Amino acid sequence: MLTKEEQKDIEEELKVVPYKKAATTEALKIIQKHRGWVSDEAVKDIAEFLAITPDEVDGVATFHSLIFRREVGKHVILLCDSVCCYILGYRQILVQLHKKLNIQFGETTTDGKFTLLPISCLGTCDHAPAMMIDNDLHQDLTPEKIDSILEKYP
C-alpha cells in the first residue's frame, strides 16, 4: 500500500501531466526515493493508484535502468562501461572494485552497504574512467583512488 506521503507526491506529479498514465515514471521514482527500490507489490499499488495495469507499470520500470526492481545496498555504485571509459582504464577500476567489495555486477555487499551496477554512459568522457555513487560523480579514476572514495560512504 502506498503511504500518504507517496500518494501526496504522486498527486503532485498528476497536476503536471495530461493523463494519469503519463505519471508512471515519476511514480516509480517517488516509490524508489522512499523505499530504495520498487517491489512487485509497489508496482501493483502504483497501477491501482494510476488506474492502469501492473504490466504497464512494470514495462516502464524495466525500461529504465535506474529503477531498481530488487533491493539494493545503501549506496549504489554505477560504473561507466562506455567505450571511452573502457579504453581509459575501466577494467582496472572494475578489478579494484571487485577486490575491495568482493561482489560482481548486480550484487550487494554482505553488509548491505554497496550494490555494483554497470551503466552505459555517465556523460563525462573527457574525464574517463568514471563512476557514480548515489548522486556523486567520480571522474579520472585510478585503482589507487577507489579505496579512499569508498571510505566516504558510511
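Please find, among K21, K29, the residue that is open to solvent by 90 Å² or more (accessible area, probe 1.4 Å), within 29 Å of G112 (Cα to Cα) and at pLDDT 95 or above.
K29
Quick one: in segment 19-48, which of the residues that are outside any helix (DSSP H, G or I) and not hydrophobic (A, V, I, L, M, F, W, C) is farthest from E6 (Cα to Cα)?
Residue satisfying both the conditions and the ranking: Y19.
Name the pairs whose Cβ atoms lie under 9 Å apart, with the first residue in segment 46-69 and basic (K, R), the second in a helix (DSSP H, G or I), and 6 or more positions between them or separate chains?
R69/D40; R69/V43; R69/D58; R69/A61; R69/T62
Any chance segment 102-125 includes a residue that's among the acidic types (D, E) and over 30 Å from L2 (Cβ atoms)?
Checked segment 102-125: no residue is among the acidic types (D, E) and over 30 Å from L2 (Cβ atoms).
Can you tell me which residue in segment 43-63 is farthest from the chain's Cα centre (by Cα), limited to those that are aliphatic (A, V, I, L, M) and over 12 Å from I30 (Cβ atoms)?
Within segment 43-63, the match that is farthest from the chain's Cα centre (by Cα) is A51.
Please find, among L117, L79, L122, L88, the residue that is closer than 22 Å to D136 by Cβ and in contact with a Leu (Cβ under 6 Å, 6 or more places away or on another chain).
Of the residues listed, the single one that is closer than 22 Å to D136 by Cβ and in contact with a Leu (Cβ under 6 Å, 6 or more places away or on another chain) is L117.
Considering each of F63, F105, F114, F68 in turn, give the residue that is in contact with a Lys or Arg (Cβ under 8 Å, 6 or more places away or on another chain) and of a type in the set (F, W, Y).
Answer to the check: F114.
Under 8 Å between Cβ atoms, at least 6 apart or on separate chains: pull out the pairs that start in segment 71-94 with a residue that is in contact (Cβ under 8 Å) with a residue 40 or more places away in the chain and end on any residue that is among the small types (G, A, S) and open to solvent by less than 10 Å² (accessible area, probe 1.4 Å).
C80/A130; C85/A130
The values are calculated or read from the model by the stated rules, or taken from the named source; none is laboratory data. Everything numeric here is computed off the predicted structure, so don't read it as measured data. Ideal geometry is used to build each Cβ from the backbone, glycine not excepted, and the neighbour counts take in all protein chains shown. We work out accessible area using only protein heavy atoms, side chains counted, and drop any ligands, DNA or RNA first. Shrake-Rupley method; radii C 1.70, N 1.55, O 1.52, S 1.80 Å.
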